[in-house]
Structure formats: C-alpha cells, structure tokens
Amino acid sequence: MSDLLGASAGRMLRAIASGETDPVTVAALGSPRLHATPEQLCDALGASTDLHPVYRRLLTMALAELEVIEAHMKQLDEELAALLRVHQDAVQRLAAVPGLGVDSAQQIIAEVGPKATTFPTAKRLASWVGACPGHEESAAINHSHRSPNGNRQMRRLLNQAAHAAVKTKGSIFELLYRRFVVRLGHAQAIGAIAHRLCRLVWKILHDGVTYDERGPAVTKARAQRRAAKMIRELRALATASNSPRSDQGMHYDRA
C-alpha cells in the first residue's frame, strides 16, 4: 500500500496487533479501492500467521503513540484556527489558490504573517523560503539549479502545494507544468511551480488581491462567451440592416 498510515492500513495493523493470525481475515479489512489484489495482500500478510508476541506488543505501542501524536496535531490545528480567525479573509483568499487549502493557508500565514509585511518584494520572500534557483554564475551563465537554504517548513508546504496544483484540471499550473517538464524534468518543473506559488502568495497577502484563475478551462469558457457575444452583435446588425427605413436623414459613421 502507498500509505501505511491510511484507513485500510490502520485497520490491518490494529488487527495484527490484537492477535489476528489469518491473512485472509486481515486482507478483507482493506478497502476495495486498493490497487493490490486480495491474493497479493494475503501473500504480503503471510508473516502474521506466526508473528512473535513481542512484535505484536511493539506494534500496539507504535499505534498508540501514533494516536497520541494525531490527537496533539488536531489540538494544535484547532488552536491555530482560533488564533487566525481574525485573519479569516486572508486565509480564504490563499485557500482559493490551486494546490492550497485552509490548513496550508493557515500555516503559511503563521510563517510569513497575514500581510507578509516583512518582505518588501516577492523576490525577497522567495529568497527567504529558498524557492529559487542558485546563483553560481560564470560568464553571466547560471550553472546552479540547486535551491539555496531557506525556511524548510515553507519550502515543504510550497512543494506539496505545487504537486497538488499541477494535478488541478484546467488550472494555469497544469499548463505551466506541461511546458516546464519537457525541458526541465519533473523535479525542476515542480520547483518552478513552487517558485510561482511563492510569488503568488506574496501578491495575495501583501497587496490584498484575490486569486483569479487564468487556466485553459477558463480561457476556453471566456472564448465561448466572447464568440456568443459576437454572434449576438452580428445578428443585431443584420436585423437593423434589414429593417425598413428612409434614406433621408441617415448618418454614416466613418469609423
């Protein structure tokens, strides 16, 4: 399974920790949406038939520790949301960006502030985060693609947001990724998207603007609306030209 801390894996691990020895019974706890077949799961869970009790106790302790950590994270998220309630408008504007959500928007504001006033330009913020290429130049050519050291928390957030943004159908980030990945490869393309997101975060917070999607889906819809408007105007002109009117008093527009 791709996520060992997911719902299906959690049910299986808790069953093994409680003493279940039948691989078929444990495999049946998995979600039908798992890519692995029941036969593959039974083969992977074969060790549960004769698992030593010591390992079951260790697994129980690890799961209990994980529950405590998740409970603490939930409490901290609730406290963070309460503290940022006065900046709800900024959170909502950031959460509207593809790849970002309420949780990530709250974490970004906690790091850079509700208006990013510490950073006079978007370039300063990108440099502080480390979401920009290196500056090892020779003969005016940049030979480094490695991002400098910066705020590790923010860089992780932006990289996760970039991965999610490029998967948003119809967004501008999906289009940019397709352009970048051919020339730069996946890793550097994600870095370029993260850099764009960082500058966009500064613009939204510092200037108080709202995100307006300009991706292919929006462009297509806009073109359709424009075409419909032109058709209506042409029909109106045709109707006006066919209507009976006197030649006297007619004025022609030289434009």
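The values are calculated or read from the model by the stated rules, or taken from the named source; none is laboratory data. Here the structure is a predicted model, which is why all the values come from computation and not from measurement. Every residue, glycine among them, receives a Cβ derived from its backbone with ideal geometry; neighbour counts consider all protein chains shown.
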Seminar exercise, completed: Scanning the range 172-212 residue by residue, the ones that are small (Gly, Ala, Ser) and part of a loop (DSSP other than H, G, I, E, B) total 2
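Table: residues versus (1) among the hydrophobic types (A, V, I, L, M, F, W, C); (2) out of contact with any strand residue (DSSP E or B) (no Cβ under 9 Å at 6 or more places or on another chain); (3) at pLDDT 90 or above.
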position	(1), (2), (3)
MET1	yes, yes, no
LEU5	yes, yes, no
SER8	no, yes, no
MET12	yes, yes, yes
ALA15	yes, yes, yes
SER18	no, yes, yes
SER31	no, yes, no
LEU34	yes, yes, no
THR37	no, yes, no
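Kindly evaluate GLY130 against the criterion of being modelled with pLDDT of 85 or more, at positive phi and under 23 Å from the mean Cα position of the chain (by Cα). Lay out the reasoning, then the answer.
Numbers: modelled with pLDDT of 85 or more: no; at positive phi: yes; under 23 Å from the mean Cα position of the chain (by Cα): yes.
Against the criterion (modelled with pLDDT of 85 or more, at positive phi and under 23 Å from the mean Cα position of the chain (by Cα)), GLY130 does not qualify.
Taking the range 149-205 only, how many residues are of a type in the set (Gly, Ala, Ser) and farther than 24 Å from GLN107 by Cα? So that I can check it myself, show each step before the final result.
Filtering the range 149-205 down to residues of a type in the set (Gly, Ala, Ser) leaves 150, 161-162, 164-165, 170-171, 185, 187, 189, 191-192, 194.
After this cut, where a residue has to be farther than 24 Å from GLN107 by Cα as well, the list is 170, 185.
The number of residues fulfilling the criteria is 2.
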